[in-house]
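First comes the structure, then the notes that go with it.
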Amino acid sequence: IAKEVAKLLEMKAQLGGDEGKHKFVLKTPKGTRDYSPKQMAIRERVFSAIINCFKRHGAEVIDTPVFELKETLTGKYGEDSKLIYDLKDQGGEQLSLRYDLTVPFARYLAMNKITNIKRYHIAKVYRRDNPAMTRGRYREFYQCDFDIAGQFDPMIPDAECLKIVHEILSDLQLGDFLIKVNDRRILDGMFAVCGVPDSKFRTICSSVDKLDKMLWEEVRSEMVGEKGLSPEAADRIGQYVQLHGGLELIEQLLQDPKLSQNKLAKEGLGDMKLLFEYLTLFGITGKISFDLSLARGLDYYTGVIFEAVLLQQNDHVEELVSVGSVAGGGRYDGLVGMFDPKGRKVPCVGVSIGIERIFSILEQKMEASEEKIRTTETQVLVASAQKKLLEERLKLISELWDAGIKAEILYKKNPKLLNQLQYCEDTGIPLVAIVGEQELKDGVVKLRVVATREEVNIRRESLIEEIRMRTSQL
C-alpha cells in the first residue's frame, strides 16, 4: 500500500495539481473577533462617554507598547501569571504581550521618575485564557484605565475613583448596578485572626474571591480540601466573609474584639470609614456596599479594592442578583517600587472599566430594541436632479469638504434622483443638497430634509451656514 501511495503522490506532483489553490480557513483566532461598522458605532459611543468622564476629572492620556520585557510582567499577577502570552525570541529580548495596563503604567512611572500623575489609558490587552465569548471574555480585548499616582491625604483619590465608576455606569444606562468595596488590609487582618498561616494568605484570598460565583460551602471545601486550611479557620472566615453593609457594619467591626486588635485590619477599617464619609458627600452611597467577601485576585493590591457588578431581578426570589463584573480596581502602593532601582514607592489607586462586558450588554440591548444605528456621520448628500451634472456635484462637494462639512456623493456620472434619496434613507443621512440646471442659473441649491421631505432653495453662499445650523440641532 505504501508503495502504491508513494507512486500516486509522485504522479500527482508531476501533474502539478493544486499549487496556488491553497484553501484558507477563514476565521479569526480563538478568543478574538471582528467588529462590524454597527458594532464599532456602539463601541465609539461608549468610548467617548468614558473618555469624557476621564477628562472631566482632569486626566491626561498616555500609551505604552503592546509588548513588554517578559521580566516586567512576571510575578505581578499571582495565579493568573500562567495566562501571559510569551512571544518567540526575535533578536535577544524575551518579550510578552501586555496582560493589563496597570503593570506597564507602573513601569512607565518608575522609568521616567514620575511621582505624580492622573492618567487614563485605553488599549488592547492579551490573555491566554479559555475564552467565553458570549460573556464578553476574550483573549484580546480593550481595557479602559484611570489611575491617580502620588502622595495624597488618605481616601480622597480613592473616593474619586468610585465616583468615576458611578458616573460612567449611570451615563451608559446599563441597568441597576452595585459597587462592592473592601480593603486588602481588612482581608489580611481577618485571615490572621482566623488562624490562616501567612504562607496561605494569597491562595485563600483567591478562594474567597470566588464567593460571587460559588456558594460558601463549595468555597469552604476548596479551602479545606484542596488548600489544606484547618476546618476551624475556614469556619471563622465564614463568619466574616458573608457580611456586607455600609457605615454601620464598619462601626460594628471596629468594635469587634478580635479584628480591632489586629493593626492591619484596624487601619483598613479606619480608612474604610473615611471613604464612606467622602462617598456620602458625593451622594453615591446608595450604590456602594462594603463587602467582606470581595478579594480581587491580583497580587499587587495593598489597600482599598472595589468591583462594580450589574444587577438583574431574579425571577425565583424577589431580589437583585449579580450578572457579572463591569469595573474593578483598587489601591496598589507597592507596584512602582518593585520597578524603581532605589525602591522608591509611588502610591497609586486606579479603576479599570470592563469595556467588553459593557459592549456585549449594549449590543444585546440594541438588537432587542431594533434601534437603527448610524454607522457614518455624513451630514449631507450632494445630489443632482438631471444628467450631465457630475462636475457641478464635484465642485459643490469640494466646497463642503473644505468647510469641514461631512458630505458624500454617489459614484455614478448620472445617478437617478430616486436612488440618491433612497441612499439617504438607508444610511440615515439627514440632508440632501440638490443641484439642477435651474438652481445653477438662479445661484441657489435645493436643500431637502430627508425625514420631512421639505425642500427649500438656499443661496449658494449661505449653504454651508444653513447645513451647519440644521445639523447642529440633530
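The values are calculated or read from the model by the stated rules, or taken from the named source; none is laboratory data. It should be emphasised that the depicted structure is a prediction, and the values quoted were computed from it without experimental measurement. Heads up, the Cβs are rebuilt from the backbone with ideal geometry, glycines too, and the neighbour counts pull from every protein chain shown. Remember, those area values only see protein heavy atoms, side chains included, never the ligands or the DNA or RNA. Shrake-Rupley method; radii C 1.70, N 1.55, O 1.52, S 1.80 Å.
Using only C-alpha positions, report the orientation-averaged shadow area of the convex hull of the stretch 120-180, nm², one decimal.
That works out to 5.9 nm².
So which of K180/K345; K118/K365; K82/K227 end up more than 22 Å apart by C-alpha?
K180/K345; K118/K365
Report the far tail of the P(r) of the stretch 203-249, meaning the percent of Cα-Cα pairs longer than 16 Å.
Cα-Cα pairs of the stretch 203-249 separated by over 16 Å account for 33 percent.
Leaving out ligands, DNA and RNA, and with a 1.4 Å probe, what % of the accessible surface on the stretch 380-472 is carbon or sulfur?
51
Please give me the summed charge of the neighbours of C53: other residues whose Cβ is under 9 Å from its Cβ, Lys and Arg +1, Asp and Glu -1. Show your work: numbers first, answer last.
Numbers: positive: K55, R56; negative: E167, D171.
Taking every Cβ under 9 Å from that of C53, the sum is 0.
Note the angle between two axes, namely the Cα long axis of helix 231-241 and the longest principal axis of the Cα atoms of the chain, as a number of degrees from 0 to 90, rounded to the nearest 10.
50
Need one number: % antiparallel among DSSP beta bridges in the chain, to the nearest 5. Walk me through the numbers on the way to the answer.
On the way: 53 of 65 bridges.
Rounded to the nearest five, the antiparallel share is 80 percent.
Taking the radius of gyration and the Kirkwood hydrodynamic radius from Cα positions alone, what is the Rg/Rh ratio for the chain, to two decimal places?
1.11
Rounded to the nearest whole Å², what accessible area per residue is found for the chain with the 1.4 Å probe?
Here the residues of the chain average 54 Å² of exposed surface.
With a 1.4 Å probe and all protein chains in place, put E248, E356 in order of accessible area, largest first.
Descending order: E248, E356.
Run the Debye formula on the Cα coordinates of the stretch 335-427, all scatterers equal and no solvent, and tell me log10 I(q)/I(0) at q = 0.10, 0.14 1/Å.
-0.56, -0.71
Taking the Cβ of F282 as the center, what net charge do the other residues with Cβ under 9 Å away carry, scoring Lys and Arg +1 and Asp and Glu -1?
Combined, the nearby Lys, Arg, Asp and Glu give 0.
Quick one: if you stick a label point 7 Å off each Cα along the C-beta vector at S398 and F24, how many nm between them?
Label-label distance for S398 and F24, simple model: 3.7 nm.
May I have the convex hull volume per residue, in Å³, for the Cα set of the stretch 153-205?
That works out to 109 Å³ per residue.
With the cut-off at 1.5 for a/c, could you classify the stretch 380-472 from its C-alpha gyration tensor as rounded, prolate or oblate? Can you show the working numbers first?
Numbers: a/c = 1.29, a/b = 1.05, b/c = 1.23.
The shape class here is rounded.
Angle check, please: helix 390-402 long axis (alpha carbons) against the longest principal axis of the chain (alpha carbons), in degrees 0 to 90, nearest 10.
Once rounded, one gets 40 degrees.
Nearest 500 deg cm²/dmol is fine: what mean residue ellipticity at 222 nm does the chain get from its DSSP H runs of n ≥ 4 alone, each adding -39,500 (n - 2.57), divided by its residue count?
Dividing the helical sum by the residues of the chain leaves -12000 deg cm²/dmol.
When a/c is below 1.5 the answer is rounded, else prolate if a/b is larger than b/c, else oblate, so apply that to the stretch 139-266 with a ≥ b ≥ c taken from the square roots of the Cα gyration tensor eigenvalues. Write down the numbers at each step before the final one.
Numbers: a/c = 1.89, a/b = 1.43, b/c = 1.33.
Prolate is the answer for the stretch 139-266, as a/c is 1.5 or above and a/b outweighs b/c.
Rounded to the nearest 0.05, what FRET efficiency do E391 and S48 give with R0 = 41 Å and r taken as the Cβ-Cβ distance? Could you check? Mind showing how you got there, number by number?
Details: r = 38 Å, r/R0 = 0.92.
Once the sixth-power term is evaluated, E becomes 0.60.
Could you work out how far helix 2-15 tilts from the main Cα principal axis of the chain, as a 0 to 90 degree angle to the nearest 10?
The angle comes out at about 40 degrees.
So, in nm, how far is label E60 from label R374 when the simple model puts each one 7 Å beyond its Cα toward the Cβ?
3.6
Which residues in the stretch 351-381 have a backbone N closer than 19 Å to a point placed 7 Å from the Cα of R33 along the Cα-to-Cβ line?
Within reach of a label on R33: 353-375.
Limiting things to C-alpha atoms, what are the Rg and the maximum Cα-Cα separation (Dmax) for the stretch 1-84, in angstroms?
That works out to 25.7, 76 Å for Rg and Dmax.
Can you pull a Stokes-Einstein diffusion coefficient for the stretch 255-309 at 4 °C (1.567 mPa s), Rh from Kirkwood over Cα pairs, as a whole number of µm²/s?
The Stokes-Einstein estimate is 101 µm²/s.
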